[in-house]
1. From the helices alone, meaning DSSP H stretches of at least four residues, give me the mean residue ellipticity at 222 nm for chain A, per-run term -39500 (n - 2.57), in deg cm²/dmol to the nearest 500.
2. Tell me which aspartates and glutamates have Cα within less than 17 Å of A:K233's Cα, excluding those fewer than 8 residues away on the same chain?
3. Working from Cα positions, state the angle (0 to 90°, nearest 10) between the long axis of helix A:111-129 and the longest principal axis of chain A.
4. Roughly what % of DSSP beta bridges within the protein assembly as shown run antiparallel, to the nearest 5?
5. Pairs B:K47/B:K443; B:K56/B:K405; B:K475/B:K552; B:K242/B:K393; A:K130/B:K300: which are spaced more than 32 Å apart, C-alpha to C-alpha?
6. Scan the stretch B:354-459 for chymotrypsin sites (Phe, Trp or Tyr not before Pro) in coil per DSSP, keeping those whose Cβ has at most 10 other Cβ atoms within 10 Å, and list them by number.
7. Relative contact order for chain A using alpha-carbon pairs under 8 Å, separation at least 6, rounded to a whole percent?
8. Beta carbons within 10 angstrom, averaged per residue: use that to sort the peptides B:45-58, A:298-311, B:600-613, highest first.
Amino acid sequence: MRYFIRRFLFFLLTLWTAVTLNFIIPRLEPGDPAEDIVRRLAGQNKPIDPAQLHAIRLMLGIPGGNIFQQYIDYLNLLFHGQFGVSYTYFPYPVTTLIGQSIMWTVGLVLTTNIIGFIAGNLLGAFAAWKRNSIFDSFVSVGLSFVGTLPYMWIALVLLFIFAFQLQLLPMGGGFSETSTRQMSWGYTLDIMQHALLPALSILITGPIGWIMGMRNNMVQTLREDYTRLAIAKGLKPWKVALLYSARNAILPNVTGFAMSLGGIMGGVVLVESIFNYPGMGRLFFEAVGNRDYPLMQTILLFTIVGMLLANLLADFVVGLLDPRVRKGKN
Amino acid sequence: MALLEVENLDVTYATKQRPPLFAVRNVNFELNAGEFVGLVGESGSGKSTLGNAILKLLLPPGRITAGSVRFEGKELTTLPDEELRQMRWRDFSTVFQSSMNSLNPVTRIEAQFQDVMAEKSDLSNSQIHDRIGELLQMVKIDPSFMRYYPHELSGGMKQRVALALALALKPKLVILDEPTTGLDVLVQKEIMHNLRTLQREQGFAVLLISHDLGTVLEVSDRVLVMYAGEMVEDAPTHGMLKHPIHPYTHGLLGSYADPAAEEVEISYIPGRPPDLTRVPKACPYAPRCPEAIPLCRQAKPQLLPMWDGKAACHVAQMQWNDEQHNHTRHSEEGPKLLDAAFSEATSHKAMKLEGEEVLRVENVSKTYQRRAGFKTTSMNAVNDVSFNLRSGKVTGLVGQSGSGKTTIARMITGTEYPTSGAIWFGETRVDKLKGRGIHNYRKHVQYVFQDPFSALNPVHTIQYLLMRPLMNYGKLNAAQARQKVRELLETVGLTPAEQFETKMAHQLSGGQRQRVVVARALAPDPDIIIADEPISMLDVSIRAEILQLLDKLVRERKIAMLYITHDLLSARLLSDEILVLNQGHVVEQGAAKTVIRQPTNEYTQLLLEAIPRLERPDHVRASYVPTAEPTKVQVDASPVSEE
Ligand code: SF4
């Protein structure tokens, strides 16, 4: 139990650090968003009218006062779920924009990543169990080759073949422009069709790491005495493979999965830009392009909180799976 | 029909990258129901491979390449996997080497019994639960421990759990592979005793695989001896004790002695086992055998019956034939064999040097504070210990793991500070040294570690490894250092030095590596050497050789040595003074011979009793010729190896 409480306290501490960094970092960046907007409105080389600038500042709610006051205000607003107004999609609040896109991302990226993780581990375990078989050599050699291909290339090839040449699937977007956007079978099917290509692209590259990792770990655990003892006991082969060997081999992968979530945002941006998918990644991409600080900051914050939660969850799962972690370090 | 019959068995490790290793060659033996048989050999002799081959648990690329293994007449080598799986654990089970790793770390003890018992017996779940409790009690573990995870048990307990697990389905044969290696002597003794009692009660057959002939001889009915992948002797225990037939067995027996005897000597076997990628066409033991005759290098001896057992040796066979014809010697006597020995008498201890004091440990104690949450518990690792180290003398520190012997060593090297008491090196207070002072002091105190395999950095040549301390402490330039390295290598018996200095550690045998470690300790020309279990990881047959080397160096170079060990025999042989430590307290202290011959403390007596007592036959001792003038003894440390 102590282990779980400790992990949770640690989570709170990191969360606070992240929130604070999220406050500090944008303020260190050069450039003034209000000036940018005025410039965009007025045209590039015209002189800036200070009154106009002031008006824009007020409109956007760009914080004033000293840095501590700003920090207090920031925390206060966070606490009340107010993240400000988007500069780009003025006057929509940031939360509305995120609310519209978050489900797309969670639905696509998170699901495919989890499926990829599970499938990857199963395939890796199978390859290790049948090591030196044809399947194993295909996995070891074939996948490390596929793994070297850039994700972008794979995604574009998929688009080219299935959307452009065969015209089986849509080129991009999350749904058809013509759809009713009401809950119905037709709409669900439409969403599925749009999600298929991006999902496929993630599922081709995503599990490779897990497959290779699992295979290598399990080739190790298969040689461990406890696995050999399980074989000596004459247990059914699937029990030896899953309950002894794979059960121990998966532990590093679970931690690895939590870590990989750290890098997931970059992947999301890439996927959603290529497939023009209306999710958080694309929103973030736009936010960065437009210096939309509130939006950027909020997306980052959401990502970080999501990551931390995932890490906490992974810690808990590892704790459940491995009794040594629970007690060992005390 | 015997329970287990192994016939002409060959096991080969073949990979594409390296030449095949012929690990087990043409092995024949039988094992009867209810018999307790020991299988002995040095590391690399193929004994574990043989055990795994019988169980069909060889790790790839190991493969049975010829021969047969029959269990109750059923041929295991060709049996379909599914049928073999059905036999497993019900017919034969196994215990692996000191179960550090043989219990699944992520499930409870109970579950590891449960899965196999549920699958292979008709017991209901509650019956299984009761039976697990019984099994644990059988190995003297409280049934409540079944709720624990493996990492919550001590090494000895894990090993006993593994034993209980092996007996879960009342098998007919249990194969134990080094079941007690790495455990404390007293725990070892207890487990072996437990095993033997259970075996007598339940009547299962045992194949006990071990490197330790002493332990095996104590518990087994019959002993098989393997050397370099071949079976060289197969004889009943009482016969082997009285008259080992094969010279190798004889040599191994020479490493044992009763430390409490009036005079103690042990012998070693010079050289190292052959490379098994090339199958020896002659007797594989010939390069190390003191008895070898030309025939030995031409033809391979067969494992033939002689005296009361079997052996593969030309000379023994000729003596046996002779005897059959002429009746010159009584057949009870076995063959006449030669010996290379290290004894207290030949050790330089006899020189009676009055060593001057180099280091004084005064009433030293060490308490560790352990914090768990907000509670602090303190543990007395070392309690009021006093002794001194004298130049040219060896002080033996004897104790089990956890006795505080390593903590004392660490305090002497200045890596840890005593909680109270003082350590004097001449005029220097060691326990007050810091930073630069420590660095300067360490030049005088060197360490020889237990494990020669991890003590040497694998990516550097021997020359580099030895030059570093020379240039670091001795302020020599590279050329001088290189010259000095040669001298050092010659000193520790690695001759010719040129051959060794360019090698990497992994290209050397265990004994050679330990010599390099010793050479490195000698490099800064220290006043004190701390040798922490320097022989415990080495093969039995070469331990005496390293002891002899240490002895020679200490006496010749007037080094003060702290010899840390759990082994009373080597302590008796090497040390002038002995301290016996139990849980941080010195329970006995005095001249080596007195402490061991007349122990006053119960704990020392326990330790002494735990040592396998082998009665060595008279003719073995007779082959050793004591030198009249001990000071002139040529302590020959050179017969290291042929590559
Ligand atoms: S055959 Fe020859 S070399 Fe081999 S053990 Fe016998 S005497 Fe020694």
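1. -22000 deg cm²/dmol
2. Cα-Cα hits under 17 Å: A:E224, A:D225, B:D81, B:E82, B:E83, B:D91, B:E110, B:D115, B:E119, B:D122, B:D177.
3. For A:111-129 against chain A, the angle is about 20 degrees.
4. Working: 58 of 95 bridges.
Here the share of antiparallel DSSP bridges comes out near 60 percent.
5. Details: B:K47/B:K443 43 Å; B:K56/B:K405 42 Å; B:K475/B:K552 27 Å; B:K242/B:K393 36 Å; A:K130/B:K300 41 Å.
Checking Cα-Cα distances, B:K47/B:K443; B:K56/B:K405; B:K242/B:K393; A:K130/B:K300 exceed 32 Å.
6. Filter output for the stretch B:354-459: B:F374.
7. For chain A, the relative contact order is 27 percent.
8. B:45-58, A:298-311, B:600-613
Each value in this text was obtained by applying a stated rule to the coordinates, not by laboratory testing. The structure presented is a predicted model; accordingly, all values stated were derived computationally and were not measured. Don't worry about glycine lacking a Cβ; one is built from the backbone with ideal geometry, like all the others, and counts go over all protein chains shown.
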